[in-house]
1. May I ask you to list pairs of residues, at least six apart or on different chains, whose Cβ atoms are under 6 Å apart, with the first in segment 159-174 being open to solvent by 20 Å² or more (accessible area, probe 1.4 Å) and the second being part of a helix (DSSP H, G or I) and of a type in the set (Phe, Trp, Tyr)?
2. I'm told Ile250 meets every condition in (1) touching a helix residue (DSSP H, G or I) at 6+ places or on another chain (Cβ under 9 Å); (2) without any contact (Cβ under 8 Å) to a residue 60 or more places away in the chain; (3) surrounded by 17 or more Cβ atoms within 10 Å (Cβ to Cβ) except one. Can you identify the failing condition by its number?
3. Pick from Ser371, Ser355: which is under 26 Å from Asp428 (Cα atoms), assigned to a loop (DSSP other than H, G, I, E, B) and open to solvent by 20 Å² or more (accessible area, probe 1.4 Å)?
4. Could you count how many residues in segment 315-352 are outside any loop (DSSP other than H, G, I, E, B), open to solvent by less than 50 Å² (accessible area, probe 1.4 Å) and touching a helix residue (DSSP H, G or I) at 6+ places or on another chain (Cβ under 7 Å)?
5. What pairs can you find where one residue is in segment 224-237 and over 16 Å from Lys189 (Cα atoms), the other is open to solvent by 30 Å² or more (accessible area, probe 1.4 Å) and assigned to a helix (DSSP H, G or I), and their Cβ atoms are less than 6 Å apart, with a gap of 6+ or different chains?
6. Taking the stated definitions as given, is Val99 β-branched (Val, Ile, Thr), farther than 26 Å from Val200 by Cα and modelled with pLDDT of 80 or more?
7. Does Val213 satisfy the condition of being out of contact with any Pro (no Cβ under 7 Å at 6 or more places or on another chain), surrounded by 18 or more Cβ atoms within 10 Å (Cβ to Cβ) and farther than 27 Å from Gln424 by Cβ?
8. Which residue is nearest to Glu308 (Cα to Cα), if the candidates are limited to segment 416-428 and must be over 36 Å from the mean Cα position of the chain (by Cα) and open to solvent by less than 60 Å² (accessible area, probe 1.4 Å)?
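The values are calculated or read from the model by the stated rules, or taken from the named source; none is laboratory data. As the structure is a computational prediction, the values presented were derived from the model and not from experiment. Note that each Cβ is placed from the backbone with ideal geometry, even for glycine, and that neighbours are counted across all protein chains shown. Side chains included, ligands, DNA and RNA excluded: accessible areas come from the protein's heavy atoms. Shrake-Rupley method; radii C 1.70, N 1.55, O 1.52, S 1.80 Å.
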Amino acid sequence: MRKKKLSIKELGLEDCLRQIPHSPQKLCNALKNNNISDSEPPNRDKTGTNLLIDGIPSDTSLYAALQDLSERKKMRFFQPIPLVHYRECKLSQGQEWFVYFYVQNPDTGKLKRVRIKVNRIHPVSARRKAAKEMMTVVNQRLAMGWNPLLETKAPKAFSTIAEAMDSFLAVKSKEIEPTSMRSYRSYVKLFREWMTANNVSPDTPVSSIGKEVAMSVMDDIEGNMSAKSYNNYLTFFRNLFNWMKGKGYIMANPFDDIQKKAKRLTVKQRRTFTDEELSVLWTYLQGAGSSRLAMCMVCYACLVRPKEIVMLKCGDVDLAGNVIHIDAKVAKNDHESFRTIPEDLAMVFRSMNLSNPGDYLFSRSPARDFSPGPLKEDSREIARWWNDHVRPACGFGSDLQFYSLKDTGITDMLGEGVPINLVQQQADHSSVAMTAIYVGKQSQSDSRIRNVDIIKNDNSPRR
């Protein structure tokens, strides 16, 4: 027997649709699983007009109606709740005429009354008409999230989240380097994608982005990223909303109370070069030009990062003092440092034209050979050159990257007995613990430890 198609009205759910206590989506799924019909006969008034129940045509099926409510609920995720966030506007007609309403005090969280006087409008009929028009407009704004108390503390609180993020990117594009700007745009793009996936309109007022939203964003990120990447995103979002706070978009940063994930110092997973592979590399670079050879040696022996390498100037190389100066503006950690130049690298530098101190040491040259010049190169070009030319020529796998030179340099220095504090200084690490990550385990005893006289006593076994 075919099941009877029941309407919303026949089921007596008009009031339920207006006050669904739980997620409409869950109720939709429950109804669907119980095979309730997804269509119903039309229900119209005496004029033939389709009746509306909570804004939904009454000839809509029960399942479709609940599905629509579910979607609309997501779109109203940030809309204020009457009696919780505000009370609608009313008119007081006494000795003093005024309209009044209640909004949530951003400092206390409690409702506070706001009054607007209308005494000066005459005659009384005009005053009453003006008051009613004012109440209509105020109630509409209250339903959309307007709060005059918030505006006094955050003047841009009702700018959209899209406007705030666009403004942030526009300002930062004038302050930071293109490489960092690419990361900023990537972080903002993820936030926009989260908004789209959760049906959050880009026109949502930025003041509506509270802690609940921040936690939801980070919860979604958590399942797809490592602890390090998670912390990087959290740091960016904190900085983004701190900027908004400083510019008057919001009163408090919703990401401030979210904790970072614990990071443990672990053994480096990037593969280092073997002695045989290094020998193959140096042989290849001897015929690749002095600039390319020097660039690889700066990474391997001076332990300079690729992003710092492309920002070095010829004037930063001091052959008399045998050091490379890393300016604080160049360094990743904003700390000035000096890297010792080994004699083998000094000989390569002497074969290069370093006469113009203002030229970039490894520039974007017409020959694409990283020779000194006035144009700054992009650090990504080093990786492209390595992948397109070095790896195929030397037979290296994808596990040997340009940055592996720095890892190998640190490991080799420690293996040669260079004190760890000197290696830390050369690598510009924040702590000895970071440098110690590169210390490998030895299967054989070390004579330097074996011969240490630990028991300083005449009765020790060695005496």
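1. Note: pairs meeting the criteria are Lys172/Tyr184.
2. Only one criterion in (1) touching a helix residue (DSSP H, G or I) at 6+ places or on another chain (Cβ under 9 Å); (2) without any contact (Cβ under 8 Å) to a residue 60 or more places away in the chain; (3) surrounded by 17 or more Cβ atoms within 10 Å (Cβ to Cβ) is unmet by Ile250, namely (2).
3. Details: Ser355 fails: under 26 Å from Asp428 (Cα atoms).
Result of the check over Ser371, Ser355: Ser371.
4. Residues that pass the stated criteria total 8.
5. Filtered contacts from segment 224-237: no entries.
6. Working: β-branched (Val, Ile, Thr): yes; farther than 26 Å from Val200 by Cα: yes; modelled with pLDDT of 80 or more: yes.
Yes, satisfied.
7. On the way: out of contact with any Pro (no Cβ under 7 Å at 6 or more places or on another chain): no; surrounded by 18 or more Cβ atoms within 10 Å (Cβ to Cβ): yes; farther than 27 Å from Gln424 by Cβ: yes.
When the stated conditions are applied, Val213 does not pass them.
8. Step one: of segment 416-428, the residues over 36 Å from the mean Cα position of the chain (by Cα) are 416-419.
Checking which are open to solvent by less than 60 Å² (accessible area, probe 1.4 Å) leaves us with 417-418.
Values: Gly417: 27, Val418: 24 Å.
Selected residue: Val418.
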